[in-house]
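The values are calculated or read from the model by the stated rules, or taken from the named source; none is laboratory data. This is a predicted model, so every value here is computed, not measured. With ideal geometry, Cβ positions are generated from the backbone for all residues, glycine too; neighbour counts draw on all protein chains shown. Protein only, heavy atoms only, side chains kept; ligands, DNA and RNA dropped before computing areas. Shrake-Rupley method; radii C 1.70, N 1.55, O 1.52, S 1.80 Å.
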Amino acid sequence: MNAFRTVGARLSLALLGVVALVLGLVYLIVVPSLKSRLVDTRLNDLSHARNALLAEYKQQPNDPDFFSNAAASTNARVVLLTVVSQSPPLLSVAQWSLPGRNASAFTNDPIATLASKTSHLERGTASRSDGEFAEVAIPIAQSGDVLLLAAPLHDALADVDAVQNRLLLAGGLALLLALLVGYAAARLFAGRIRRLERAADRIAGGRFDEPVADRSADELGELARAFDRMRIRLAGLDHARREFVANASHELRTPLFSLGGFLELLEDEDLDEPTRREFLDTMTGQVRRLTKLADDLLDLSKLDAGRLHVETQPVDLSSLAGAAVDEFAGVARASEHPLEFAGDGDVAGRGDPQRVLQIVRILLENALVHTPPGTPVEVSVRGAGGRAEITVTDGGPGISAEDRAELFERFYRGDSTKASGSGLGLAIAKELAELMGGRIELESKPGRTVFLLVLPADELTREAEPEREPVTV
């Protein structure tokens, strides 16, 4: 992999870019601002001194010490410029604070020229061969001359240059430090990501034994904990799948072996008719057992593929629940389970009639098979609060909290279930209910377990039938 395409390199470069951007902004804001403030301060000092200098000059215009004294008090060069020509405006140096030195650089000074035009005080900066100057030009009304105060900015600009150089040096060090810190932090961060990548590869390869550990409280820590929950979940599903394959193999092998044995016995010509009929009945039961397992697997495959179609329409839940109770009456009597149906008039919900009946069959079979003989089972129907409900209640020992957490998972068979179960019924019931816009709720405690099929309520389109009386089997 290209080193510059790794997360660590990108994070380092991103941090470097952010620090460089911040330093650039600081440089662009601080250096020009500092220079501007220093120049403005010098100009303000010269402007404040103008009134005293102008008054002193007017009182003693011929004082030979005026210019040197003024230069000393203002720390500036003091120049008197005389207007030589108005059009074009030309100014020449009449006197200045450094006699004996060439003052030609101040001839036609731009600030002084502007002041002679406007007859107002003017201020600004001017560059000459010996440096940059802050200048204040003061027009003298009586003579038309201009008194120019020019303060060299060498020292102030030297301070600005020093600040600038220090900023550049500090910026370079900061960039280097940011690069090192960013690379180290990004390396640690990338290392955590690589650990998650290796964990994902292990999980994808079917190895669920090693936990995904990251105790950090940040987003990667949360992701690691989510990975670990997924690992545990997949491990449980894989274990359930292996158990199901073993159970399904057993479920298939047992009836097939039984059918083969009965077929061999039926070839005996001396077999009497009652025994032959008993064998045929037993074989029919084994075929039903195989058919149910095949139907469950087919329903699951259709649900996974999204090809299981339901016809949502108004459904008379009382009639469907009563039909299921009648269908299981013989099973309940044979297993010594008192089975009772309690209707609540005509209760209608929206769903697929065949799938609703399939769910009720699953819930009823679950109650009859997984509770001890003599356990009462009740099926009831009621509508309230915009929803229609079919309830299957048994008085069995209840379902443990551990089993309740995974009861609706595919292939799950709790400790309390019998070995003959495939662990598919409740999973199919749950997915069918959700496919119809409903759900299955579970309440369980010792001595009472309630499975509740909840569907959206609907008004019956036919006339109400007389309420069915409770039936006890």
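So the values come out like this:
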item: Selection count, region 326-351, where residues are in contact with a helix residue (DSSP H, G or I) (Cβ under 8 Å, 6 or more places away or on another chain), buried (at least 17 other Cβ atoms within 10 Å of the Cβ) and closer than 24 Å to LEU432 by Cα; result: 7
item: Residue pairs meeting the criteria (Cβ under 7 Å; at least 6 apart or on separate chains; first more than 16 Å from THR82 (Cα to Cα), in region 109-129; second crowded, with 21+ Cβ neighbours inside 10 Å and of a type in the set (Phe, Trp, Tyr)); result: THR125/PHE133; ALA126/PHE133
item: Residue under evaluation ARG361, criteria (1) open to solvent by 50 Å² or more (accessible area, probe 1.4 Å); (2) under 43 Å from the mean Cα position of the chain (by Cα); (3) modelled with pLDDT under 90, criterion not met; result: (3)
item: Inter-residue pairs, beta-carbon under 7 Å, first free of Cβ contacts under 8 Å to residues at least 24 places away in the same chain and in region 268-293, second in a helix (DSSP H, G or I), 6+ apart; result: LEU271/LEU265; ARG276/LEU266; PHE279/PHE262; PHE279/LEU265; PHE279/LEU266
item: Members of region 280-291 that are over 56 Å from the mean Cα position of the chain (by Cα) and open to solvent by 70 Å² or more (accessible area, probe 1.4 Å); result: LEU280, ASP281
item: Pairs where the first residue, in region 429-454, is touching a residue at least 12 places away in the same chain (Cβ under 8 Å) and the second is open to solvent by 50 Å² or more (accessible area, probe 1.4 Å) and assigned to a helix (DSSP H, G or I), C-beta under 8 Å, 6+ apart; result: ARG439/LYS430; ILE440/LYS430; LEU442/ARG404; SER444/ARG404
item: Sole residue being modelled with pLDDT of 80 or more, within 21 Å of the chain's Cα centre (by Cα) and either assigned to a helix (DSSP H, G or I) or not β-branched (Val, Ile, Thr) (or both), chosen from ARG225, ARG198, ARG277; result: ARG225
item: Criterion: assigned to a helix (DSSP H, G or I) and open to solvent by 70 Å² or more (accessible area, probe 1.4 Å) - qualifying residue of LEU265, LEU368, LEU320; result: LEU265
item: Residue pairs meeting the criteria (Cβ under 6 Å; at least 6 apart or on separate chains; first touching a residue at least 60 places away in the same chain (Cβ under 8 Å) and open to solvent by less than 30 Å² (accessible area, probe 1.4 Å), in region 226-245; second aromatic (Phe, Trp, Tyr) and not in a helix (DSSP H, G or I)); result: ALA240/PHE411; ALA240/TYR412; PHE244/PHE411
